[in-house]
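Visitor: What follows is a single structure, and I will ask about it in a moment.
The values are calculated or read from the model by the stated rules, or taken from the named source; none is laboratory data. Remember, it's a predicted structure, so these values are computed and weren't measured experimentally. Neighbour counts are summed over all protein chains in view; Cβ atoms, including those assigned to glycine, are modelled from backbone coordinates with ideal geometry. The protein model used for the area step is the full one, side chains on, heavy atoms only, and it has no ligands, DNA or RNA in it. Shrake-Rupley method; radii C 1.70, N 1.55, O 1.52, S 1.80 Å.
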Amino acid sequence: VPMGVLSCMKYLMFIFNVLVFAGGTCLVGVGVWVAVDPAGFQDIVATKAVLSAGAYLLLAVGIALSLLGFLGCCGALRRSRPLLLG
């Protein structure tokens, strides 16, 4: 495999993992926003219990995606197979 292809793949994986990290960070932000100020979301969701559970679900998924994206970025830059598979 030519070296240019491997270099391109490395940067494409890095960019993809940055997007995953950014998406996870946005989910964490929305989760914190809903948990701290649920008044704006009361109209969309009928019950407060569902809103609270949704906020914590957004936080959990966002943190998991952020961690996965960060480890993927590190793995892509270092060409570390265990970090990319994790």
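Visitor: Just the residues that are surrounded by fewer than 14 Cβ atoms within 10 Å (Cβ to Cβ) and farther than 12 Å from I63 by Cβ, please, taken from segment 29-40.
Guide: Passing the criteria: V36, D37, A39, G40.
Visitor: I've got another one for you. Can you find a residue that is touching a helix residue (DSSP H, G or I) at 6+ places or on another chain (Cβ under 8 Å), open to solvent by less than 60 Å² (accessible area, probe 1.4 Å) and modelled with pLDDT under 90 anywhere in segment 17-28?
Guide: Checked segment 17-28: no residue is touching a helix residue (DSSP H, G or I) at 6+ places or on another chain (Cβ under 8 Å), open to solvent by less than 60 Å² (accessible area, probe 1.4 Å) and modelled with pLDDT under 90.
Visitor: When you check I44 against the structure, is it open to solvent by 40 Å² or more (accessible area, probe 1.4 Å) and at pLDDT 90 or above, yes or no?
Guide: When the stated conditions are applied, I44 does not pass them.
Visitor: Name the helices (runs of 4 or more DSSP H) wholly inside the chain in which the number of residues that are within 11 Å of the chain's Cα centre (by Cα) and among the hydrophobic types (A, V, I, L, M, F, W, C) is 1 or more.
Guide: In the chain, 3-36, 48-78 are the helices (runs of 4 or more DSSP H) which contain 1 or more residues that are within 11 Å of the chain's Cα centre (by Cα) and among the hydrophobic types (A, V, I, L, M, F, W, C).
Visitor: How many residues are among the aromatic types (F, W, Y) and touching a Ser or Thr at 6+ places or on another chain (Cβ under 6 Å) if we restrict to segment 57-82? Before you say what the answer is, go through the steps one by one.
Guide: Within segment 57-82, the first condition is being among the aromatic types (F, W, Y), and the residues that meet it are 70.
In the following step, the residues that additionally are touching a Ser or Thr at 6+ places or on another chain (Cβ under 6 Å) were identified as none.
Residues that pass the stated criteria total 0.
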